[in-house]
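Coordinate-derived values only; no laboratory data. Since the model is a prediction, treat every value here as computed from it, not as a measurement. Cβ placement follows ideal geometry from the backbone for every residue including glycine, while neighbour counts extend to all protein chains displayed.
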Amino acid sequence: MMVKTMKIDTRALNFTLLPEQIGFIERRLKSTLGSNGNRINFVEVYLTDIHSPDYASDYRCLLRVELESNTMIVSESIDSDLKLAIHRAADRAGWKIARCLGRQQRQTGALLPSPPRPSESRLRCGYLPL
């Protein structure tokens, strides 16, 4: 049996990514999406530096995940901290993928419970479990 590896394509707009940041993105996605990695065709990561009118810099992380069933999952997060934007977008993508795959399995006859939804307060306030 051949093990499929998740393909991750990372693109940055308006700034340059350092090798450490690319490594962080890959580790974060593999830890969050790795349990379903054999059902993922590819992941595209789009990072954008957004300059607001008050000259503050925010980062936008957009994830596009294509599943083996050709279903596209899109997750987005905007934050002043790049790592936090990546973390939140990856969490949301992981939750959406689990929900989508569970729905597909239920439609084929296997009954699996829906994944728990992360609390909105955790997503809004920036709380990250250690």
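Some values worked out for this structure:
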quantity: Formal net charge of residues neighbouring GLN105 (Cβ-Cβ distance under 12 Å; K, R +1; D, E -1); calculated: +4
quantity: Förster-model FRET efficiency, 25 Å R0, ASN38 and THR108, C-beta, rounded to 0.05; calculated: 0.90
quantity: Amide H contacts of SER80 (H built 1.01 Å from N, under 5 Å, at least 5 apart or other chain); calculated: TYR59
quantity: Globularity index of region 26-114, i.e. its alpha-carbon radius of gyration over 2.2 N^0.38 Å; calculated: 1.23
quantity: Cβ crowding within 10 Å averaged over residues, with 91-101, 61-71 ranked highest first; calculated: 91-101, 61-71
quantity: Rounded to 5, percent antiparallel among DSSP beta bridges of region 7-116; calculated: 75 percent
quantity: Shape category assigned to region 51-99 from the gyration tensor of Cα positions, a/c cut at 1.5; calculated: prolate
quantity: Two-site label geometry, ASP54 and ILE78: point separation in nm, points 7 Å out along Cα→Cβ; calculated: 1.4 nm
quantity: Ordering of 14-23, 80-89, 35-44 by packing [mean C-beta count within 10 Å, highest first]; calculated: 80-89, 35-44, 14-23
quantity: Separation of the LEU18 and TYR46 label points, Cα + 7 Å toward Cβ, nm; calculated: 2.6 nm
